[in-house]
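Here is the structure we will look at.
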Amino acid sequence: MPLLDCRIISVGNDEPTNVFAPQIADLVFSLTVKAILKEKHFFSLSPPISLCRLGGPDPLDYISMYRNPGNTTQDVPEHWHYVSFGLSDLYGDNRVHEFTGLEGPSGFGFELTFRLRREAGETAPPTWPAELMQGLARYVFQSENTLCSGDHVSWHSPLDNSESRIQHMLLTEDPQLQPVHTPFGTVAFLQIVGVCTEELQAAQQWNGQGILELLRTVPVAGGHWLITDMRRGETIFESDPHLQERVDKGIETDGSNLSGVSAKCAWEDLSHPPEDEDDSRSIYLEMQPRRLSDKDTEQIREVLRRGLEMNTKPVLPPISSQKPQQHNGMNHDRAQNRKDSLESESSAAIVPHELIRTRQLESVHLKFNQESGTLIPLSLRGRLLHGRHFTYKSITGDTAITFVSTGVEGAFATEEHPYAAHGPWLQILLTEELVERMLEDLEGLTSPEELKLPKEYNWPEKKLRITIVPESAFESPLQ
């Protein structure tokens, strides 16, 4: 098949069909092909009803698939190369993405790529990576959280639905595709890299970029181009035990640069128990007809948007901050009139920021599901002991919980008043002494398979309680 012969296959139909290819997609496609001239273009997948054309559930318009011969001098094996089209602005008419100018990002500012090792005898690329890319793109469209190099994605399932140990993902710059400039802005290419659970945990405890560099040194784990091999049966730490020492040293020296996660969490103000069953406003935060203000939302989003980016200063972004963040020269700030990703359509009207009073609390109770709870020791050891902060943003409501150390500037929690709330956003200031005690008491969270739920941890003299609850607890708005 000629290099530029693009067959666009409609998913769900047996026969190929001609699908409208917008001019900008042709431009990005041609620039992509120029960057990877040695690859053979097989075909592109297009959903029957895309999000951007007709309001369908699939956000990506096209996913092109190539056969890449690899690079023998760099020990890069032959593989399938997948490239998405749809996270960037393909139309320029504001129906999907707001046009932000020639110098700004096109759409979300990036497209996804994926490199899958070609199996012997394989004559056509597997299509399951297309579904994987649609899933990630759906998350981006729904949350409006951009992805960046070094970010990790906890998937908790083999990427191809097999019995593979490759069950999670890291993101990095595609080694061949450089950022391109289009009439609707700039587009970068972020490559998905499949990893094992132990490698994901190392990225959380240290940082994604460090683990990506280690993966590049192990040919069977991806090599220089980070090719995903679903048949890989060993982690990089099993292939080379010395790599664990490098991770341990990095954690000790650098701490973790994971500054926040989306999670299942909730908090209760135990300072003033309700006088009767109807007065539950101070207990169940999720029931309050109040949402995060725009400015609070922007500050929390800055923490989450940075993802695994290295923090050089232990400073919370100011509440009034509108400064766009730069990632590898790419502006990942999106148009301010986009729907706020932390808002809930079912919530009541936003309370104006200036009318929300910061409350000092005497006693608090935190609740986490098991997966979120296992990250508490990471946040304490890898973040707070290094003078940093860590934020949990609830995926089931507007709640946010931020742990801050005494060295963090810009926090409204202080040593005098360590528990402070601004609307549904709780900040907890933890001294180094308390962090050390909590790490000892929370040691059981490092072995979640032995944990019996619910599990409560209590520090009475600090008036602080943490409970790890079953998943079912978050099915009720009162939990």
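The values are calculated or read from the model by the stated rules, or taken from the named source; none is laboratory data. Note that the coordinates shown come from a computational prediction; the quantities given were computed from them, not determined experimentally. In this analysis, Cβ positions are derived from the backbone assuming ideal geometry, glycine residues included, and neighbour counts consider all displayed protein chains. Remember, those area values only see protein heavy atoms, side chains included, never the ligands or the DNA or RNA. Shrake-Rupley method; radii C 1.70, N 1.55, O 1.52, S 1.80 Å.
Have a look at S347, S394 and point out the one that is open to solvent by 10 Å² or more (accessible area, probe 1.4 Å), modelled with pLDDT under 95 and not charged (D, E, K, R). Write out each step before concluding.
Values: S394 fails: open to solvent by 10 Å² or more (accessible area, probe 1.4 Å).
It is S347.
Which residues, counting only those in segment 366-388, are more than 19 Å from K249 (Cα to Cα) and in contact with a strand residue (DSSP E or B) (Cβ under 8 Å, 6 or more places away or on another chain)?
Taking segment 366-388 as the starting set, the residues that turn out to be more than 19 Å from K249 (Cα to Cα) are 366-376.
Hits for segment 366-388 are L366, K367, F368, N369, Q370, E371, S372, G373, L375, I376.
Test each condition in (1) modelled with pLDDT of 65 or more; (2) in a loop (DSSP other than H, G, I, E, B); (3) of a type outside the set (D, E, K, R) for A266 and report the one that comes out false.
(2)
Every residue in segment 178-203 that is at pLDDT below 95, in contact with a helix residue (DSSP H, G or I) (Cβ under 8 Å, 6 or more places away or on another chain) and surrounded by fewer than 22 Cβ atoms within 10 Å (Cβ to Cβ), please.
Result: Q178, V180, T182, P183.
Given the structure, is R117 in contact with a Pro (Cβ under 7 Å, 6 or more places away or on another chain) and open to solvent by 50 Å² or more (accessible area, probe 1.4 Å)? Walk me through how you get there before you give the answer.
Numbers: in contact with a Pro (Cβ under 7 Å, 6 or more places away or on another chain): yes; open to solvent by 50 Å² or more (accessible area, probe 1.4 Å): yes.
The answer is yes for R117.
Report, by residue number, each residue of segment 437-466 that is open to solvent by 10 Å² or more (accessible area, probe 1.4 Å), touching a Leu at 6+ places or on another chain (Cβ under 8 Å) and at pLDDT 95 or above. First the steps, then the outcome.
Step one: of segment 437-466, the residues open to solvent by 10 Å² or more (accessible area, probe 1.4 Å) are 437, 439-441, 443-444, 446-458, 460-463, 465.
Imposing the further condition that a residue be touching a Leu at 6+ places or on another chain (Cβ under 8 Å) reduces the set to 439, 444, 451, 457-458, 462-463, 465.
Listed by number, the residues that qualify are L439, Y457, N458, K462, K463, R465.
Would you check which residues across segment 406-420 are at pLDDT 95 or above and touching a helix residue (DSSP H, G or I) at 6+ places or on another chain (Cβ under 9 Å) and list them?
Hit for segment 406-420 is P418, nothing else.
If only one of D248, D240, D151 is of a type in the set (D, E) and at pLDDT 95 or above, which one is it?
Just a single option satisfies the conditions, and that option is D240.
Identify the residue in segment 204-232 that is open to solvent by 60 Å² or more (accessible area, probe 1.4 Å) and among the β-branched types (V, I, T) and, among all such residues, is modelled with the highest pLDDT.
T217
With respect to T235, is the statement that it is of a type in the set (S, T, Y), open to solvent by less than 50 Å² (accessible area, probe 1.4 Å) and in contact with a helix residue (DSSP H, G or I) (Cβ under 7 Å, 6 or more places away or on another chain) true?
Numbers: of a type in the set (S, T, Y): yes; open to solvent by less than 50 Å² (accessible area, probe 1.4 Å): yes; in contact with a helix residue (DSSP H, G or I) (Cβ under 7 Å, 6 or more places away or on another chain): yes.
Here the answer is yes, as T235 does meet what is asked.
In segment 110-223, which strands (runs of 3 or more DSSP E) lie fully inside it and hold 1 or more residues that are in the same structural domain as H97 (by the TED database) and within 24 Å of G255 (Cα to Cα)? If you could, list the steps in order and put the result at the bottom.
Details: elements: 152-154, 168-173, 180-182, 185-195.
Filter on segment 110-223 gives 152-154, 168-173, 185-195.
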